[in-house]
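The values are calculated or read from the model by the stated rules, or taken from the named source; none is laboratory data. Here the structure is a predicted model, which means the values were calculated and not measured. Cβ coordinates were reconstructed from backbone atoms using ideal geometry, including for glycine residues, and neighbour counts include every protein chain displayed.
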């Protein structure tokens with residue numbers, strides 16, 4: 001499989017490598033981070049959809065589908081869903097494009113891929129966002145749902161996103177960002193860092209589900225500002241970069257590769 005030379009971010013533009021600092025409560029270096037993330041997603045994959053239904057904060061199937069439509073996904077497009085997980089975004093992509101064969105899901109977690117509930121015809125591929133094992137200019141649309149915080153090198157990942165998209169291809173990255181108000185942020189923190197892990201202990205089969213949701217909030221709180229994420233997209237070659245915010249916390253990063 002031949003690959004074009006990677007897109008080199010402009011040195012004059014700000015780019016991000018790790019979108020979060022080292023989370024010392026969970027790991028102490030990049031190698032430990034990789035092992036931690038791989039392990040916790042493998043071990044909690046069987047509980048993920050159940051927890052999402054119970055505690056999804058409104059970010060369920062309907063919202064995901066609407067976000068994809070807002071970003072320009074239409075019938076007949078080919079789609080790559082990066083960090084496909086259990087298929088929550090991929091299922092909505094299939095519904096919109098009309099054919100399961102048009103959708104490919106990529107994820108580094110074997111546990112998630114084994115637990116993915118996607119329509120027959122969706123191809124699932126093991127791989128990382130920073131090294132997508134698929135050819136150049138293969139897709140009309142790229143999606144990624146709530147995984148930006150788990151990427152080790154955001155600049156490398158965005159360069160890969162640029163590579164696998166066709167000219168004119170569109171991108172939609174979904175992420176949770178803390179609300180601006182102190183009271184709203186405190187309430188969300190209490191909910192995600194305390195309430196959600198407690199419910200996770202009651203309703204999940206894996207003892208690590210509570211840890212996953214606690215880690216979720218800690219990474220949300222520590223994540224790089226939206227402005228830096230958008231600057232990195234631009235530095236990696238994307239045009240029409242914008243951010244749509246819904247309910248004050250759901251961010252949709254949208255962008256386009258030049259035609």
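Figures for the structure shown
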{"item": "Cβ-Cβ under 7 Å pairs, at least 6 apart or on other chains, segment 12-35 side surrounded by 14 or more Cβ atoms within 10 Å (Cβ to Cβ), far side at pLDDT below 80 and in a loop (DSSP other than H, G, I, E, B)", "result": "15/9"}
{"item": "Residue, farthest from the chain's Cα centre (by Cα), within segment 245-259, restricted to residues that are more than 15 Å from residue 229 (Cα to Cα) and surrounded by fewer than 18 Cβ atoms within 10 Å (Cβ to Cβ)", "result": "259"}
{"item": "Of all residues making up segment 94-110, the number that are closer than 23 Å to residue 44 by Cβ and surrounded by 18 or more Cβ atoms within 10 Å (Cβ to Cβ)", "result": "5"}
{"item": "Subset of segment 240-254 (residues that are assigned to a strand (DSSP E or B) and either in contact with a helix residue (DSSP H, G or I) (Cβ under 9 Å, 6 or more places away or on another chain) or touching a residue at least 60 places away in the same chain (Cβ under 8 Å) (or both))", "result": "241, 242, 243, 244, 245, 246, 250, 251, 252, 253, 254"}
{"item": "Strands (runs of 3 or more DSSP E) contained in segment 82-147 and holding at least 3 residues in contact with a strand residue (DSSP E or B) (Cβ under 6 Å, 6 or more places away or on another chain) and either farther than 26 Å from residue 19 by Cβ or in contact (Cβ under 8 Å) with a residue 24 or more places away in the chain (or both)", "result": "103-107, 139-145"}
{"item": "So residue 211, is it under 22 Å from residue 72 (Cβ atoms) and either modelled with pLDDT of 90 or more or buried (at least 18 other Cβ atoms within 10 Å of the Cβ) (or both)", "result": "no"}
{"item": "Residues (buried (at least 19 other Cβ atoms within 10 Å of the Cβ) and over 26 Å from residue 37 (Cα atoms)) located in segment 111-140", "result": "139, 140"}
{"item": "So residue 189, is it free of Cβ contacts under 8 Å to residues at least 60 places away in the same chain and at negative phi", "result": "yes"}
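Per-residue answers, yes or no, for (1) at pLDDT below 90; (2) under 21 Å from residue 85 (Cβ atoms):
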{"site": "196", "(1), (2)": "yes, yes"}
{"site": "226", "(1), (2)": "no, no"}
{"site": "241", "(1), (2)": "no, no"}
{"site": "250", "(1), (2)": "no, yes"}
{"site": "253", "(1), (2)": "no, yes"}
